[in-house]
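> My questions all concern the structure below.
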Amino acid sequence: MKNNNQSNRIIKWIAILGDFFVLNAVIVAFSYWHWRVSTWGSGRLEIFILASNISLMIAQLRFSTIIHFRLVGAGDILQRIVGLVVTQVVVAYFLLKVLPYKFHVATPLLEVGGVFIVLLTLKRLGERWFVKMYRESGRNTRSVTLVGSDEGLLTVYEKLRTDLTLGYRILGYYGDEGLVKDDGQKRLGSMEDFVRRLEDPESLELGDELYLCVSRKEKTLVKKVSNLCDHRMVRFYYVPISAESLGLNLKREQMDDLEVYTTYENPLQNSVNRAEKRAFDLLLVLVFLIPTLLVFPIVWILIKIQSPGPIFFKQKRTGLDGKDFYLYKFRSMHVNKDSDKVQATKDDPRKYPFGNFMRKTNLDEVPQIFNILKGDMSVVGPRPHMLAHTAQYSQLIDKYMVRHFVKPGVTGWAQVMGFRGETKELWEMEERVKRDIWYMEHWSIWLDIRIVWMTMKTFFVHDKKAY
């Protein structure tokens, strides 16, 4: 564990030193090519460099890199990058204003920060890739011991061993022979052997982490193993046996001093989070409102030429809390009687050429900007379904209606993960629902930004399921 922590610290400090190198390289480049910075005398430039580096030191105290963490998402990394650069720019500005050097720094700081955040993002991507490859080669690993004879332990085993880039190395397991069906996996002994060796704990090889899977009734054993792990500085995890598992993903909540559990955790139940998401929606609407108004006349003309009928398609969909609302789109199909019950298919005869183009580029979704303004939809959220499909899938999929605990969106986590368009098999809708619920439970403004970015890329990289 000591060597493991040491290599993690090395990775972290190499990344931090690299941040300083990138920042100073950007400033030096500005000193040669920027129209304002290049006119500064050596004294002003040196003060600017000093203040920028001091402010980066301060920013690193709060937003230092987390690429060395094993279970970390791209959204978390992006959030820390933005926090690091914003803090650096703000602190540098105040430092330069306090110093007795009077020169214009606001614009150069913002421009340096803009370039710095782009380069830092690219740098983090490269660093994250390197760390994963480094761990996949067998370095910077955490060793794990499994204890138990229940199949619940198999789930843990599979998760730890399948993704080599996480850097977990399983030392072996104590349990029934053949529990782990892997010829290369070492059996350290039976459960009886493990319990007996607890009397002589120095004889146990525990590794960096230990996963114990026994009945809750074995309280004495669980406490004894937990205390041993604390003493040996081993991370302890308790895994309930399958017979005692409720099969529910319960989340802990506090009711005064009473601890209760709920089936789903929804950050958007918090009024502050809802206000933050609404502000983000309105900001994006303002950004895209003028381009939307400009494209309207062109779309109107092309639709009228190729397909007689209204420019807009209006349809009832299921929204927040299961309530119906009218969703608006540019009409991408000829007027037909099956629009409220039949999904679009790849070679659907109802589509006309420009309508097909709009569907592939998501241009037909643009009028949903008015749904966002009305408050029926958000920019990001589960895609709203036709009423007929809500009635159908709510009977076939147990957790289908859970996705309606949040506002529907123009785009969503399921869509950017490849689950969009026609659902030919039931499992495709089940996977879509799983990702909608995951989004609901893990919502953050940074996740919304990531989904919007991934959606924008589809304008340039065609999605085969967009039809």
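The values are calculated or read from the model by the stated rules, or taken from the named source; none is laboratory data. Since the structure is predicted, the reported quantities are computational estimates derived from the model, not experimental observations. Using ideal geometry, Cβ is built from the backbone for each residue, glycine included, and neighbour counts are taken over all protein chains shown. These accessible areas exclude ligands, DNA and RNA; they are computed on the full protein's heavy atoms, side chains included. Shrake-Rupley method; radii C 1.70, N 1.55, O 1.52, S 1.80 Å.
> Sort Ser64, Ser444, Ser271 by accessible area with a 1.4 Å probe, largest first. Kindly include the intermediate steps, with their values, before the conclusion.
Numbers: Ser64 15, Ser444 35, Ser271 75 Å².
Largest accessible area first, the residues go Ser271, Ser444, Ser64.
> Below 8 Å, C-alpha to C-alpha, sequence gap of six or more: please give me the relative contact order for the chain in percent.
Values: 601 pairs, mean separation 46.7, N = 467.
It rounds to 10 percent for the chain.
> In Å, what is the Rg of the alpha-carbon atoms in the chain, and how long is Dmax?
That works out to 27.8, 85 Å for Rg and Dmax.
> Let me ask something else. Taking a 29 Å limit on the Cα-Cα distance, which of the listed pairs Lys304/Lys434; Lys97/Lys457; Lys424/Lys457; Lys132/Lys224; Lys277/Lys351; Lys159/Lys224 fall beyond it? Each step should come with its number before you reach the end.
On the way: Lys304/Lys434 40 Å; Lys97/Lys457 40 Å; Lys424/Lys457 25 Å; Lys132/Lys224 35 Å; Lys277/Lys351 35 Å; Lys159/Lys224 26 Å.
Checking Cα-Cα distances, Lys304/Lys434; Lys97/Lys457; Lys132/Lys224; Lys277/Lys351 exceed 29 Å.
> Sticking with this one: Looking at the chain, what % of its DSSP beta bridges pair antiparallel, to the nearest 5? Intermediate results must be reported in sequence, preceding the final value.
On the way: 14 of 33 bridges.
Given both bridge residues lie in the chain, the antiparallel proportion sits at roughly 40 percent.
> Label-point separation (nm) for Gln269 and Arg235, each offset 7 Å from Cα along Cα-to-Cβ?
Computed distance between label sites Gln269 and Arg235 equals 2.8 nm.
> In addition: Pulled fully out, how much extra length does the chain show between Lys186 and Leu228, if you take 0.36 nm times their separation in residues and subtract their Cα-Cα distance? Let's see the in-between values first.
On the way: separation 42, 0.36 × 42 = 15.12 nm, distance 2.22 nm.
Result for the pair: 12.9 nm of gain on full extension.
> Let me cross-check Leu293: its accessible surface, 1.4 Å probe, with only protein heavy atoms counted, in Å² to the nearest 10?
90 Å²
> Could you provide, to the nearest whole Å², the per residue accessible area of the chain with probe 1.4 Å?
Numbers: 25830 Å² over 467 residues.
Ligands and nucleic acids excluded, the result is 55 Å² per residue.
> Counting only C-alpha contacts under 8 Å and six or more residues apart, can you give the relative contact order of segment 299-365 as a whole percent?
Values: 74 pairs, mean separation 21.4, N = 67.
About 32 percent, as a whole number.
> Can you give me the % of accessible surface on the chain that is carbon or sulfur? Probe 1.4 Å, all protein chains present, nothing else counted. Intermediate values should be presented prior to the final figure.
Numbers: 15590 of 25830 Å².
The nonpolar share, carbon plus sulfur, comes to 60 percent.
> Also, quick follow-up: Go through Val295, Val85 and list them by solvent-accessible area, largest first, probe radius 1.4 Å. Before the final figure, lay out the partial values.
Details: Val295 40, Val85 5 Å².
Output order, biggest surface exposure first: Val295, Val85.
> For segment 23-121, state which chymotrypsin sites (Phe, Trp or Tyr not before Pro) are in a DSSP loop and have at most 12 other beta carbons lying within 10 Å of their beta carbon.
Those satisfying the criteria are Trp35.
> In addition: Evaluate E = 1/(1 + (r/R0)^6) for Lys424 and Leu99, where r is the Cβ-Cβ distance and R0 equals 56 Å; express this FRET efficiency to the nearest 0.05. All intermediate terms of the calculation are to be shown ahead of the outcome.
Working: r = 66 Å, r/R0 = 1.18.
The calculated FRET efficiency here is 0.25.
> In whole angstrom, how far apart do the alpha carbon centroids of segment 36-53 and segment 355-425 sit?
Going from one Cα centre to the other spans 51 Å.
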